[in-house]
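Structure first, commentary second.
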Amino acid sequence: MSETFQFLAGEDAAGARVDEFLAARLGGLSRMRIASLLAGGACAVNDLAARAGQKLRAGDTVAVAVEAGTPGSMTPEPITLDILHEDADIVVLDKPAGMLVHPTRGVKTGTLANALAYHLNRPRPENLESRVAGSFVRPGLPHRLDRATSGLMVVACNQRSLGILSRHFHERLVEKRYLALLHGRVAADDLTITAPIGREESAWPKWRATDAGRPAETRLRVLERRGEVSLVELEPVTGRTNQLRIHCAHAGHPIYGDDWYGSPAESRLCLHAARLAFHHPTGGVWTEFASALPTEIAALLGAAT
């Protein structure tokens, strides 16, 4: 008996390989298992059989049929999570800096997906028993944060919620705000950065501001200036890969700790997802969450003169 999962590719998935896209959303399955599903014709993009290396476009519908049962290789791990809210449909949590969201070829343990696989399948309080219904619950990730970025994430506990949240992210119905510590004094109180972002295979990092890239827009608001440091709020209007990091560097003010885009790696990446607001997938109630500036970033700001 198989179960069919369906996902909508958002703007942040444009250009991604379909196997990588599925690996990010089917945390309970190994990449080898996903490759096997693709080879066996169990995956389709826009109702046409998909290939492992096929690149996705924003708006593509990806469906995959998976045999019911426990996951192939990802091991649930009892890793402590900072959970702000939990119900039968979603979990909202504060991801620490340094934690990968999902396993990669080189890292199979210690990820957020490992932690969620354990958390969602442990013995449940009575009000959450309906979530499990006797089968393995795969954490659904409608968005992600870079390993080095901390802050708020919403996780779906079932396919219905994942489909709704993925569509809301794609349609820009979700509000996201980040706090970042930048090098230098940003002159303008408010700034809109518009620089196309694309992938250049021969460069490092591969994702960068380039005229051949896709349109990208970030709104920046200065919250505080101290010496040659600026604390800013960032709003990603679009959702390109590494957009905030690239745009801040493009504006001449790289994020502290971002050794990819022009800042010495003398601290953690000082980028934090501080606000997340969305329509709850059940009932549509507008729901807002906030997370304070991490102490290590606040300490760097306080030490600036």
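The values are calculated or read from the model by the stated rules, or taken from the named source; none is laboratory data. Fair warning: this is a prediction, and the values are worked out from it, not measured in the lab. For neighbour counting, all protein chains shown are included, and Cβ atoms are generated from backbone atoms with ideal geometry for every residue, glycine included.
Can you find a residue that is under 30 Å from Ala9 (Cα atoms) and modelled with pLDDT of 95 or more anywhere in the stretch 225-232?
The answer is yes; a qualifying residue exists.
List the residue pairs whose Cβ atoms are under 9 Å apart, where the first residue sits in the stretch 163-181 and is over 21 Å from His247 (Cβ atoms), the second is assigned to a helix (DSSP H, G or I), and the two are 6 or more positions apart or on different chains.
Close Cβ pairs satisfying both conditions: Ser166/Arg25; Leu173/Arg167.
Quick one: count up the residues across the stretch 274-305 that are closer than 22 Å to Arg225 by Cβ and either assigned to a strand (DSSP E or B) or of a type in the set (Val, Ile, Thr) (or both).
The qualifying residues number 5.
List the strands (runs of 3 or more DSSP E) inside the stretch 129-216, counting only whole elements, that have at least 3 residues being in contact with a Phe, Trp or Tyr (Cβ under 7 Å, 6 or more places away or on another chain), loosely packed, with under 14 Cβ neighbours inside 10 Å and modelled with pLDDT under 95.
By residue number, no strands (runs of 3 or more DSSP E) qualify.
Condition check ((1) surrounded by fewer than 18 Cβ atoms within 10 Å (Cβ to Cβ); (2) under 20 Å from the mean Cα position of the chain (by Cα)) across all residues:
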residue	(1), (2)
Gly239	no, yes
Pro254	no, no
Trp260	no, yes
Ser263	no, no
Cys270	no, yes
Gly283	yes, no
Thr295	yes, no
Ala298	yes, no
Ala304	yes, no
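Given the conditions (1) at pLDDT 95 or above; (2) over 17 Å from the mean Cα position of the chain (by Cα); (3) not hydrophobic (A, V, I, L, M, F, W, C), and given that Gln243 satisfies all but one, which numbered condition is not satisfied?
Among (1) at pLDDT 95 or above; (2) over 17 Å from the mean Cα position of the chain (by Cα); (3) not hydrophobic (A, V, I, L, M, F, W, C), the lone unmet condition for Gln243 is (2).
Output the number of residues of the stretch 227-261 satisfying the condition of being among the small types (Gly, Ala, Ser), free of Cβ contacts under 8 Å to residues at least 60 places away in the same chain and outside any strand (DSSP E or B). Before the answer, list the steps.
Looking only at the stretch 227-261, we keep the residues that are among the small types (Gly, Ala, Ser), and these are 227, 230, 239, 249, 251-252, 257.
Filter again for free of Cβ contacts under 8 Å to residues at least 60 places away in the same chain, leaving 230, 249.
Narrowing further to those that are outside any strand (DSSP E or B): 249.
The total comes to 1.
Would you confirm whether or not the stretch 43-51 contains a residue that is farther than 18 Å from Thr104 by Cα, surrounded by 22 or more Cβ atoms within 10 Å (Cβ to Cβ) and not polar (S, T, N, Q)? Full working, then the answer.
The first filter runs over the stretch 43-51 and keeps only residues farther than 18 Å from Thr104 by Cα, leaving 43-51.
From what is left, the residues that are surrounded by 22 or more Cβ atoms within 10 Å (Cβ to Cβ) are 43, 50.
Filter once more, so that each one left must be not polar (S, T, N, Q): 43, 50.
Yes.
Against the condition modelled with pLDDT under 85 and in a loop (DSSP other than H, G, I, E, B), how does Gly69 come out, does it pass?
When the stated conditions are applied, Gly69 passes them.
Taking the options Val232, Val222, name whichever one is among the β-branched types (Val, Ile, Thr), buried (at least 17 other Cβ atoms within 10 Å of the Cβ) and touching a Lys or Arg at 6+ places or on another chain (Cβ under 7 Å).
It is Val232.
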